[in-house]
Amino acid sequence: MSQPESTSLRKKEHIELCLTNEVAFKNKTNGFENYEFLHYPITEVDISKINFQTGFLKKKIAYPFLISCMTGGSAESENINERLAIAANQLNIALGIGSQRQALENAEYHRTYKIIRQYAPAIPVLGNLGASQIVLMKSFKPVQYLVDLVEADAMAIHINPLQELLQRHGQPFFKGFLKKLEKLVNVLDVPVIIKEVGAGISGSAAVKLLRTGVSGIDVAGAGGTSWAGVELLRNKLNGDTEFWDWGLPTSYCIKEISSLKKRFNFFLIGSGGISNGTDLAKAFALGADIGASARIILQTLEKSEADGVCGLISNWFETVKKIMFLTGSQNLKDFRKKKLVRKEKLY
Ligand SMILES: Cc1cc2nc3c(=O)[nH]c(=O)nc-3n(C[C@H](O)[C@H](O)[C@H](O)COP(=O)(O)O)c2cc1C
């Protein structure tokens, strides 16, 4: 099978598997259940005045939320990206595009990426490419080309060693990545964001990434979609299933990396298994600037279209609002100040 066909086929299989719950972590959670909010019985917050509008990538968004990078580059992805763009545009939130690697192979599926700007001309959009492509590049002109293709406001580079390790014909080769990343940050005309895909980023790895000059980190922690699981299922469980649950829980990553804000200037995206308003609220309270989700959004889109996605995300923010009221937080800045307690301290 030729390379372009196999990239599109892989994407098709990723979508099919992510529409099921078979690809969830088995015995590891995102860790948010280990925290409780500190109920504040003397709240004076005016809930009607809580406003989530925030600046992101030089644009104003109505909620600090990103639909995580998912798809593009296969026949079925055009319709998915169209509907995701409609939802993101309606809510005025940010949207990530799936890996644009396929767009470098040929132009056959360029429309599947470009369609986003047709339906969402003004929201912040993130381009996407893998670290295993970056290390092979001698020049970064192709990355700038991908940015321009979708008029991206930032480029998200995914680091996914676990997935590459377990993927049939994967490319688990990242030697020289940090140096290449630093160069990319210097030549690209938009900010660079680094993201995992579900195994999380530790504080010490984040320090090295931030030293390259990246503008943002999306932890994409463990506890939601297991990309080891996705690749093992694609390969009929022919592989090392012990790695299904590998990774650092989302809550741990957010807490670790948010403490680096004293030393570095960057924005922190909290994601990995966020599937309700309480988890989203805990991500903010632990220090995330922006919340994000992937698989639950895809599943909601499939069940109830763009309107369903808008309903889901706006309901989550209604829950966040109630929690802010009950913890005495008038805005997200207040909310990030010691509003959580670890559960074991309560008993
Ligand atoms: C169908 C699907 C396709 C994805 N494709 C990509 C991709 O191309 N590039 C990327 O950086 N992340 C990709 N991801 C990973 C997500 O952006 C996200 O980091 C990860 O799934 C964890 O979030 P979740 O637990 O909310 O699903 C994909 C996720 C899903 C569900």
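The values are calculated or read from the model by the stated rules, or taken from the named source; none is laboratory data. Predicted model, so just to flag it, every value in this text is computed and none were measured. Quick reminder, even Gly has a Cβ in these numbers, built from the backbone with ideal geometry, and neighbours come from all protein chains shown.
Some values worked out for this structure:
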| read-out | value |
| --- | --- |
| Only one of THR319, THR278 that is hydroxyl-bearing (Ser, Thr, Tyr) and without any contact (Cβ under 8 Å) to a residue 60 or more places away in the chain | THR319 |
| Residues of the range 194-220 satisfying the condition of being closer than 17 Å to SER132 by Cβ and within 12 Å of the ligand (Cβ to nearest atom) | ILE194, LYS195, GLU196, VAL197, GLY198, ALA199, ILE201, ALA220 |
| Of residues in the range 140-177 being of a type in the set (A, V, I, L, M) and part of a loop (DSSP other than H, G, I, E, B), the one surrounded by the most Cβ atoms within 10 Å (Cβ to Cβ) | ALA152 |
| Residue list for the range 244-259, restricted to those being surrounded by fewer than 19 Cβ atoms within 10 Å (Cβ to Cβ) and over 14 Å from GLY31 (Cβ atoms) | SER259 |
| Residue under evaluation PHE177, criteria (1) within 16 Å of the ligand (Cβ to nearest atom); (2) in contact (Cβ under 8 Å) with a residue 12 or more places away in the chain; (3) under 20 Å from the mean Cα position of the chain (by Cα), criterion not met | (3) |
| Criterion: under 22 Å from VAL219 (Cα atoms), more than 17 Å from the chain's Cα centre (by Cα) and of a type outside the set (Phe, Trp, Tyr) - qualifying residue of ASN106, ASN21, ASN51 | ASN21 |
| Strands (runs of 3 or more DSSP E) fully within the range 236-347 counting 3 or more residues that are within 15 Å of the ligand (Cβ to nearest atom) and under 16 Å from TYR63 (Cα atoms) | 267-271, 290-293 |
| Residue in the range 131-139 that is closer than 28 Å to VAL23 by Cβ, within 15 Å of the chain's Cα centre (by Cα) and crowded, with 17+ Cβ neighbours inside 10 Å present | no |
| Residue that is nearest to the ligand (Cβ to nearest atom) [pool: residues in the range 1-23 that are outside any loop (DSSP other than H, G, I, E, B) and among the β-branched types (Val, Ile, Thr)] | ILE15 |
| Odd one out for LYS26, checked against (1) at pLDDT 95 or above; (2) surrounded by 14 or more Cβ atoms within 10 Å (Cβ to Cβ); (3) assigned to a loop (DSSP other than H, G, I, E, B) | (2) |
| Residue tally, condition under 21 Å from the mean Cα position of the chain (by Cα), under 15 Å from ARG101 (Cβ atoms) and of a type outside the set (Val, Ile, Thr), over the range 145-169 | 10 |
